[in-house]
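*Asks:* Got a structure here, written out as structure tokens. Questions coming.
The values are calculated or read from the model by the stated rules, or taken from the named source; none is laboratory data. All of these numbers come straight from a predicted model, not from anything done at the bench. Positions of Cβ are generated from backbone atoms using ideal geometry, with glycine treated the same way; all protein chains shown enter the neighbour counts. Just so you know, the surface numbers come from the protein's heavy atoms only, side chains and all, with ligands and any DNA or RNA stripped out. Shrake-Rupley method; radii C 1.70, N 1.55, O 1.52, S 1.80 Å.
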Amino acid sequence: MPQAKLPVVVMLSGNGSTLQAILDAPELEALIEIHGVISDQADAYGLERAAAHHISTAHIPKLAADDAQTYTAKLITQLNDWQPKLIVLAGYMRILSAAFVQRYALQIINIHPSLLPHYKGLNTHQRVLDAGEVRHGTSVHVVNAELDAGTIIAQAPCPVRADDTAETLSARVKAKERELYPKVIAWLARGELVLTDHGAYLNHQCLPEQGWQLPDLPGTAPSY
Ligand code: GRF
């Protein structure tokens with residue numbers, strides 16, 4: 001009997017090229033079913049990408065009158081409808097409340113454009129350039145209540161070139177993200193990757209602190 005697909009909800013705020021990479025990943029087609037896409041921004045292009053694939057969407061803004069508890073309740077109400085087993089953050093620009101993270105403990109993953117634990121937060125590409133780093137990359141991690149600080153599942157490093165701008169560096173990192181995120185989601189869907197309070201286990205092996213490392217081979221990923 002074919003295995004049931006993993007029910008997934010994607011949360012985003014913008015362009016949605018990360019969502020597109022998930023939708024286009026051939027290995028995920030038989031493994032996951034995206035029950036819905038949530039955006040806090042009404043004009044996020046990611047919502048259009050979802051609609052083009054006939055995926056349900058919800059615009060859930062954080063209104064000025066919403067405190068963290070109210071906003072969390074709105075998100076959970078929507079998620080109760082869609083019943084995800086995995087929540088994939090794909091450029092979602094809000095910090096999720098501790099209550100939300102606790103409700104979906106070990107079921108939320110994020111992709112962050114740096115080699116964590118370095119360069120948490122925003123503007124990572126420019127900060128990496130300003131610091132004169134020669135190596136940059138992206139990390140997939142478990143979301144916990146602390147910003148960009150959950151267990152690191154996997155990383156994809158790439159070089160920083162002498163003539164890089166934040167844009168060229170971002171494009172190189174995004175190509176890595178398009179490869180890495182679907183791979184991690186597939187591991188989870190197949191049950192090969194198990195997330196626990198004391199680390200991530202890939203095929204029963206506890207992953208090292210910096211996660212599984214994607215070899216930095218010349219990429220062939222498409223651009224979006
Ligand atoms: C990605 O590069 C990811 O690293 C970060 O946000 C970006 C989202 O881009 N978390 P997009 O909206 O998916 O194009």
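*Asks:* Run the dipole for the chain about the Cα centre, Lys and Arg Cβ at +1, Asp and Glu Cβ at -1, nothing else charged, and hand back the magnitude in debye, nearest 20. All intermediate terms of the calculation are to be shown ahead of the outcome.
*Replies:* Numbers: 17 positive and 23 negative charges, 38 e Å.
In debye, rounded to 20, the chain gives about 180.
*Asks:* Turning to a different aspect of this structure: Using a 1.4 angstrom probe on heavy atoms only, work out the carbon and sulfur share of the accessible area of the chain in %.
*Replies:* Numbers: 5940 of 11360 Å².
Roughly 52 percent, rounded to a whole number.
*Asks:* Now a separate question. Given the pairs Lys120/Lys176; Lys62/Lys85; Lys5/Lys85, which are separated by over 22 angstrom at their Cα positions?
*Replies:* Working: Lys120/Lys176 18 Å; Lys62/Lys85 24 Å; Lys5/Lys85 10 Å.
Distance filter (> 22 Å) returns Lys62/Lys85.
*Asks:* Among residues other than Ala186 whose Cβ falls under 12 Å from its Cβ, what is the net charge (Lys/Arg +1, Asp/Glu -1)?
*Replies:* Values: positive: Lys5, Lys183, Arg190; negative: Glu27, Glu29, Glu179, Glu192.
Surrounding charge for Ala186 is -1.
*Asks:* Right, another one. Nearest 500 deg cm²/dmol is fine: what mean residue ellipticity at 222 nm does the chain get from its DSSP H runs of n ≥ 4 alone, each adding -39,500 (n - 2.57), divided by its residue count? Could you put the intermediate results ahead of the total?
*Replies:* Numbers: 6 runs with 69 residues, N = 224.
Calculated from helices alone, the mean residue ellipticity at 222 nm is -9500 deg cm²/dmol.
*Asks:* Please list, in chain and number order, the residues 5+ apart from Leu6 or on another chain whose amide H is under 5 Å from its amide H, with Hs placed from the backbone.
*Replies:* HN-HN under 5 Å from Leu6: Ile32, Glu33.
*Asks:* Next question. Loop-only GluC sites (Glu not before Pro) in the range 127-224, please: DSSP not H, G, I, E or B, and at most 13 other Cβ atoms within 10 Å.
*Replies:* Glu146, Glu192, Glu209
*Asks:* 5 Å is the cut-off here: which amide hydrogens, built 1.01 Å from N in the peptide plane, fall below it relative to Ile153, excluding neighbours closer than 5 in sequence?
*Replies:* Val140, His141, Val142
*Asks:* Any idea which of Tyr71, Thr57, Val88 is furthest toward the positive side of the dipole for the range 36-114, if Lys and Arg beta-carbons carry +1 and Asp and Glu beta-carbons -1?
*Replies:* Farthest towards the positive pole: Val88.
*Asks:* Let me ask something else about it. If I take R0 = 30 Å and measure r between the Cβ atoms of His118 and Asn15 in this structure, what FRET efficiency does the formula 1/(1 + (r/R0)^6) give, to the nearest 0.05?
*Replies:* Values: r = 24 Å, r/R0 = 0.81.
So the FRET efficiency works out to roughly 0.80.
*Asks:* Considering the options Leu195, Gln213, His118, tell which one lies farthest towards the positive end of the dipole of the range 102-224, charges being +1 on Lys and Arg and -1 on Asp and Glu at the Cβ, about the Cα centre.
*Replies:* Farthest towards the positive end: Leu195.
*Asks:* So with the 1.4 Å probe, I'd like the accessible area per residue for the range 43-141, rounded to whole Å². Kindly include the intermediate steps, with their values, before the conclusion.
*Replies:* On the way: 5120 Å² over 99 residues.
Per residue, the range 43-141 has an accessible area of 52 Å².
*Asks:* Take each complete run of DSSP H in the chain, measure how far its Cα atoms stretch along the helix's own axis, and keep only those covering 15 Å or more with mean Kyte-Doolittle hydropathy at least -1.0; list them.
*Replies:* Details: long enough: 68-82 (21 Å, -0.43); 166-190 (35 Å, -0.31).
Those that pass (Cα extent of 15 Å or more, hydropathy at least -1.0) are 68-82, 166-190.
*Asks:* Still on this structure, I have one more. Can you put Thr57, Thr77 in order of accessible area, largest first, using a 1.4 Å probe? Spell out each step's value before the answer.
*Replies:* Working: Thr57 65, Thr77 90 Å².
Highest to lowest solvent-accessible surface, that is Thr77, Thr57.
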